[in-house]
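Beneath this line is the structure, given in structure tokens, with notes to follow.
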Amino acid sequence: MGVEPLTRATVFLGGGHIASTLAAGLRLTGYKPPIIVYDRNPEKSRALRRESQVEIARDLRSAVERAAVLIVAVRPDSVAALLHEIAACGARPGLCVSLAAGIPLRKLRARLGSPVRWARAMPSPVCRIGRGLTAVCFDRGVGRTDRARVRRLFGYVGQVLEIPERQFDAFTTTYSSSHGYHALATLAKAAQSLGLDRRTALTAAAHALSDGILYWRESRQTLAHLLHEAATPGGIAAATMSGMEKSGYARVMAKGLKAGIAQARRNAKT
């Protein structure tokens, strides 16, 4: 016997960090439909229920049967086992979204077969405050209604970009908020080594990164113009930027991104 449409929900399989982030962001920004979480760890589920008023599924089958959108929110190396469990539980999902970095649509499609419709999404941790960025792509045969549903869901928690799947690995390594945190920590540490106290160093570094980027976004000036404006020839900023470039700043950045893409490709083999 089928489930009545009004009881359908957004269902997360996995109650870890990314499910917590999205559930919190959805509730913060006024998302009203039911959110259901299935996780083998009852502590994770209870924590999510306290934080974001989610429902807890009693088992995998009941979670799948309630899903209007089924979100696979487990680690890449756990995806294959989870999809095997779904296939074995007797319930048949419809629209599924994988958050697993590196796992391609062709593998997801092969695990569950038709009539499951697959999308991939890469949401950032900043979705927790409704200011995130999510890339999405869709498998062949996913119709306009389902595409709009996925974009609308992630639109609650920030900006949504639909990109080709071939760009997903590069996007995943580039968009991470870890770049900002790492740059903040590194810049502040360097400033401390020059004599600033920790609080002042962090304040100065945070302004350089977050407020400078905010100005770029809101002013709609080109990066080239702002770099020229901020780093005038003969000035301190110009000397600083020149020193960084000579030390291999661009080379280090490119090397780091390549390492991230290599990890995504390893994930694809799981």
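Of note:
- Residue in segment 158-171 that is touching a Phe, Trp or Tyr at 6+ places or on another chain (Cβ under 6 Å), buried (at least 20 other Cβ atoms within 10 Å of the Cβ) and either at pLDDT 95 or above or over 30 Å from ILE213 (Cβ atoms) (or both) present: no
- Flag for HIS182 being in the same structural domain as GLY260 (by TED's automatic domain parsing), without any contact (Cβ under 8 Å) to a residue 24 or more places away in the chain and under 27 Å from ARG265 (Cα atoms): yes
- Hey, LEU26 crowded, with 18+ Cβ neighbours inside 10 Å, under 27 Å from ASP169 (Cβ atoms), in contact with a helix residue (DSSP H, G or I) (Cβ under 7 Å, 6 or more places away or on another chain) and modelled with pLDDT of 90 or more or not: no
Here's the yes/no breakdown for (1) closer than 21 Å to TYR249 by Cα; (2) among the β-branched types (Val, Ile, Thr):
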site: THR145; (1), (2): no, yes
site: TYR156; (1), (2): no, no
site: TYR175; (1), (2): yes, no
site: HIS182; (1), (2): yes, no
site: GLY195; (1), (2): no, no
site: ALA206; (1), (2): yes, no
site: ASP211; (1), (2): no, no
site: GLU218; (1), (2): no, no
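- LEU209 meets each of the listed conditions (1) among the aliphatic types (A, V, I, L, M); (2) surrounded by 11 or more Cβ atoms within 10 Å (Cβ to Cβ); (3) more than 26 Å from the chain's Cα centre (by Cα) apart from (3).
- Those residues of segment 5-32 which are in contact with a Lys or Arg (Cβ under 8 Å, 6 or more places away or on another chain), without any contact (Cβ under 8 Å) to a residue 60 or more places away in the chain and part of a loop (DSSP other than H, G, I, E, B), in sequence order: GLY15, GLY16
- Condition check for ALA190: among the small types (Gly, Ala, Ser), at pLDDT 95 or above and farther than 30 Å from THR10 by Cα: yes
- Hits in segment 52-83 - residues which are touching a Ser or Thr at 6+ places or on another chain (Cβ under 7 Å) and surrounded by fewer than 17 Cβ atoms within 10 Å (Cβ to Cβ): ILE56, ASP77, ALA80
The values are calculated or read from the model by the stated rules, or taken from the named source; none is laboratory data. Owing to the predicted nature of the structure, the values given are computational and were not obtained by experimental measurement. Neighbour counts run over all protein chains shown; Cβ positions are idealised from the backbone, glycine included.
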